[in-house]
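Reviewing the structure listed below.
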Amino acid sequence: MKRVHQRLLDWYETQGRHALPWRNTDNMYHIYLSEIMLQQTQVNRVRDEYYPQFLEKFPSLEVLAQAPQEQVLSAWSGLGYYSRARNLHKTAQIVQTELPKTQEELLKLPGIGRYTASAICSFGHEQAIPVVDTNIARVIKRYFALLEAKESLVWEKATPFVNAQAPRAHNLALMDLGSLVCLPKNPKCTECPLEADCLGKEEAELYTQRKKTVYESLDLFYGICIRNEKIALEISKEKMYKDMLVLPRVEPLEEDFLTVFKHSYTKYRLQVHLYKLEAVDENVLWVDIDTLEDAPISSLTKKALISLHLRAPLKPLVPLRGKKKR
Ligand code: SF4
């Protein structure tokens, strides 16, 4: 085991992604934020756009805890999976200044599951515990030849495999190995530091989970009502965009049709139809078009406004991808 650990660490030393900003900090809030953002969002987007922008607005847990929820959702705008932002905000309000240091305590906080709690404890506090995300799970399954293994078995196998002398580097090395070498298709076994002892290398693809995403097509109909440079928006109660500002839903009337565009959101493939709207509910919020930059609106709403030339894109509208890449 010692020999395998050393090979893995040597590989990480030269090939690991050491420059990622959340790997060069001991600020627990920064590590926690990166872990939440990296769930479902690609590393480059988090590193280049959302992580620095969010930290500029909310540099500490205290600042985040005191911010109104709409500001937090606005800063999350474009990242999708908005429950992550709501839970992050709730957690900040619970802990106020400092995150707990144990998995047990972390697991009691909103939006923190086994993976996130372990990542915070391992990457932030050097605790000798396993961290198992999608990439690490693939390496462990192949290395120990665990065919159709349940998640609990993967964690079980990963536990004694942890290098107690360097748990943080060990877990980060496995994460990078899964992301850069032990790929779902065509793993680069000849470049792998675990190759000599890997039990699954001959039939590596057998151990790759092939969960086929089932996409759902959906038509959505929204109304556009503008008065005195203000646009009518509603606070969404729907799970998808809960607490975000959204365009009012309408019954489609052919004579009021404006435009249609496609949008992807998680497993949904949406056709978004926009209609002129004359009369609106008295509960709508009239938002100044010039201040939309700071409003908690989703990529879908941004796209709708851009399609009508109501505003320029404020952040690049990269389609959301459901897959986790670390
Ligand atoms: S030898 Fe191949 S299959 Fe085994 S861990 Fe390395 S890259 Fe993955």
In region 214-247, what count of residues is obtained for those that are within 30 Å of ILE136 (Cβ to Cβ) and touching a Lys or Arg at 6+ places or on another chain (Cβ under 6 Å)? 2
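The rows are residues; the columns are (1) in contact (Cβ under 8 Å) with a residue 12 or more places away in the chain; (2) outside any helix (DSSP H, G or I).
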| residue | (1), (2) |
| --- | --- |
| LEU8 | yes, no |
| TYR32 | yes, no |
| ARG45 | yes, no |
| GLN53 | yes, no |
| GLU62 | yes, no |
| TYR81 | yes, yes |
| LEU88 | yes, no |
| PRO100 | no, yes |
Looking for something without any contact (Cβ under 8 Å) to a residue 12 or more places away in the chain and over 30 Å from ALA85 (Cβ atoms) - is there at least one such residue anywhere in region 111-118? no
Residue check, GLY200 against (1) within 16 Å of the ligand (Cβ to nearest atom); (2) under 25 Å from the mean Cα position of the chain (by Cα), all met but one. Which one? (2)
Counting just the residues of region 183-197 that are within 19 Å of ARG3 (Cβ to Cβ) and near the ligand (Cβ under 6 Å from one of its atoms), which one comes out least open to solvent (accessible area, probe 1.4 Å)? LEU194
Give SER122, SER152 a once-over and let me know the one that is surrounded by fewer than 15 Cβ atoms within 10 Å (Cβ to Cβ) and hydroxyl-bearing (Ser, Thr, Tyr). SER152
Identify the single condition in (1) closer than 19 Å to LEU55 by Cβ; (2) part of a loop (DSSP other than H, G, I, E, B) that ALA145 does not satisfy, given that it satisfies every other one. (1)
Just one of LEU177, LEU220 is of a type in the set (A, V, I, L, M, F, W, C) and within 12 Å of the ligand (Cβ to nearest atom); which is it? LEU177
Regarding GLU70, is this residue at pLDDT 95 or above and of a type in the set (D, E, K, R)? no
Residues satisfying the stated conditions in region 60-80, i.e. open to solvent by 50 Å² or more (accessible area, probe 1.4 Å) and over 23 Å from CYS121 (Cβ atoms): VAL63, GLN66, PRO68, GLN69, GLU70, GLN71
Residue count, region 229-255, condition polar (S, T, N, Q) and touching a residue at least 24 places away in the same chain (Cβ under 8 Å), comes to 0
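The values are calculated or read from the model by the stated rules, or taken from the named source; none is laboratory data. None of the values given here were measured: they were computed from a predicted structure. In this analysis, Cβ positions are derived from the backbone assuming ideal geometry, glycine residues included, and neighbour counts consider all displayed protein chains. Note: areas computed on protein heavy atoms with side chains; ligands, DNA, RNA excluded. Shrake-Rupley method; radii C 1.70, N 1.55, O 1.52, S 1.80 Å.
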